[in-house]
Amino acid sequence: MRRPVRAALFLATLLMALPAAAQRPFPEPGRPLTVIVPYPPGGGSDVTARALAPELERTLGTPVVIVNRAGASSQIGMAELARSRPDGYTIAYGLWPTTFTLYLDPSRHAPFNRASFAPLAMHVIDAGTILVPAASPIRSFADLVAAARARAGAVSMADPGLLGWEHISSVLMQRALGIEFNQIHFQGGGPATTAVIAGQVDVLMASSSTALTQSRAGTLRVLATLTSQPVASLPGVPTLASLGTPLTAGSARGFVAAAGTPEPIIRRLAEALEAAITSPAHREALARFGLEASFMGPAEFDAYWTREENAMRGVIEEIVKQGQNN
């Protein structure tokens, strides 16, 4: 057979094979989906990701493996996703606004930016709270403010990482009240919570799911919520707004894929996540943490991300420019 004819036959065979490869089912039977949780075990993000895993396995029909890639306020885990193969088999469970504070802070040299990720689904929006050890002499938010005003830096405040929503909210609260905490940054919510329970740090800024778990266990006392309306799962706990400080904050947790993931795979993952997040079984699981599902699909999540980043960009840049820890 002459060479041009052989080449033409080879090309024709290759072109015939392409549609079959393109139509390969996702996920392939038995091939696991890896979900990167960029925080240590035991924190709010880890707990809610693991609560969703069984339902996501059911909707996708394949194993879902949660892996913790903690460090640098989630930068290590998110960087791992950004450089992963964009085939949909590795996704991440990030935290907002923390994700965009990482690349808005030039000192961090984050190896990713907004264009590195493809939004899949918002999962929950977890309201912020202020907590102290159960045995703390600080019995109320007024006590906390009085102790901080008595001596600048005498009260220590734990957060899960530099420029996370907890840190930013603490800075804004200190400015609004004219007080100064000794701000201590940890590598994740688990270590920060443990330090406050042990009495090594005076106060904790954390999500309402953490507050509910720890208050039920009798380890921490909730002083206030960073909400405009009371949190149903924390009856009797005042809001900062009701105490004269109209500051609202919390953590939004959602799933993203690596940029460049094919649109059909994005769509399949988003559909599976919606089915899992909105399922009665998962809603019941979230209720045990005092949470409700806050599902957003890719387009709505993308708009939320853009809106929140634009709103907080100036505050983040100011903190970074001033090198301000408190």
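No value in this document is a laboratory result; all are computed from the given coordinates. Here the structure is a predicted model, which means the values were calculated and not measured. Note: ideal-geometry Cβ built from the backbone for every residue, glycine included; neighbour counts use all protein chains shown.
Which residue, ALA217, PRO86, SER156, has the largest displacement toward the positive end of the dipole of the chain when charges sit on each Cβ (Lys, Arg +1; Asp, Glu -1)?
Comparing the listed Cα positions along the dipole, PRO86 ranks first.
Using the Karplus curve 6.51 cos²θ - 1.76 cosθ + 1.60 with θ = phi - 60°, what ³J(HN,Hα) values do you get for each residue of the stretch 272-280, in whole Hz, with x for Gly and Pro?
Rounded to whole hertz, the list is 5, 5, 4, 4, 5, 5, 8, 5, x.
Once the Cβ-Cβ distance between GLN229 and ARG83 is put in as r, and R0 is 35 Å, what FRET efficiency do you end up with, to the nearest 0.05? Don't skip to the end; give the middle numbers.
On the way: r = 41 Å, r/R0 = 1.17.
According to the calculation, E is roughly 0.30.
When the distances between all Cα atoms of the stretch 127-243 are binned every 5 Å from zero, what whole-number percent does each bin get?
It works out to 2, 13, 24, 28, 22, 10, 1, in whole percents.
Testing the spin-label approximation: label points 7 Å from Cα along Cα→Cβ at ILE66 and VAL315. State their distance in nm.
My value for the distance between the label points is 2.8 nm.
Determine, for each peptide in 29-35, 142-148, the mean count of other beta carbons within 10 angstrom over its residues, then list the peptides with the highest first. Mind dumping the intermediate values first?
On the way: 29-35: 14.1, 142-148: 18.0.
So the peptides 29-35, 142-148, ranked by packing, come out 142-148, 29-35.
Please tell me the relative contact order of the chain in percent, rounded to the nearest whole number, where contacts are Cα pairs under 8 Å and at least six residues apart. Could the numbers behind the result be given before it?
Details: 631 pairs, mean separation 81.1, N = 326.
So the answer I get is 25 percent.
Percent antiparallel among DSSP beta bridges with both residues in the chain, to the nearest 5? Present the calculation step by step, with values, prior to reporting the outcome.
On the way: 26 of 41 bridges.
Antiparallel bridges make up about 65 percent of those DSSP assigns within the chain.
Arranged from highest to lowest average of other beta-carbon atoms within 10 Å per residue, in what order do the peptides 69-81, 230-242, 161-173, 267-279 appear?
Working: 69-81: 21.4, 230-242: 16.3, 161-173: 23.6, 267-279: 19.5.
Output ranking for 69-81, 230-242, 161-173, 267-279: 161-173, 69-81, 267-279, 230-242.
Give a residue-ordered list of calculated ³J(HN,Hα) values for the stretch 299-305 (Karplus: 6.51 cos²θ - 1.76 cosθ + 1.60, θ = phi - 60°; whole Hz; x for Gly, Pro).
The phi angles translate into 5, 5, 4, 4, 5, 4, 4 Hz.
Quick one: which residues, 5 or more positions from VAL64 or on another chain, have an amide H under 5 Å from its amide H? H modelled 1.01 Å from N in the peptide plane, none for Pro or chain starts.
Correct list: LEU33.
What does the charge dipole of the chain about its Cα centre add up to, to the nearest 20 debye, if the Cβ of each Lys and Arg holds +1 and the Cβ of each Asp and Glu holds -1? Write out the running numbers ahead of the final one.
Numbers: 26 positive and 24 negative charges, 167 e Å.
Magnitude of the dipole: close to 800 debye.
Quickly rank 121-127, 105-111 as a protection proxy: mean count of other C-beta atoms within 10 Å, highest first.
121-127, 105-111
So how tilted is helix 165-177 from the main axis of the chain? Cα-based, degrees 0 to 90, rounded to 10.
Compared with the principal axis, the helix lies near 30 degrees.
Amide H neighbours of ALA252 under 5 Å, at least 5 residues apart or on other chains, H built in the peptide plane: list them.
Amide H neighbours of ALA252, under 5 Å, 5+ apart: TRP96, ASP126.
Which percent, nearest 5, of DSSP beta bridges in the stretch 127-243 are antiparallel?
Working: 9 of 16 bridges.
So the antiparallel bridges in the stretch 127-243 amount to around 55 percent.
Sequence gap at least 6, Cα distance under 8 Å: using those rules, report the relative contact order of the stretch 127-243 to the nearest whole percent. Please list the in-between numbers first.
Details: 209 pairs, mean separation 42.7, N = 117.
Worked out over the stretch 127-243, it gives 37 percent.
What is the dipole size for the stretch 127-243, taken about its Cα centre, with +1 at each Lys and Arg Cβ and -1 at each Asp and Glu Cβ, in debye to the nearest 20? Spell out each step's value before the answer.
Details: 6 positive and 5 negative charges, 38 e Å.
With Lys and Arg at +1 and Asp and Glu at -1, about 180 debye.
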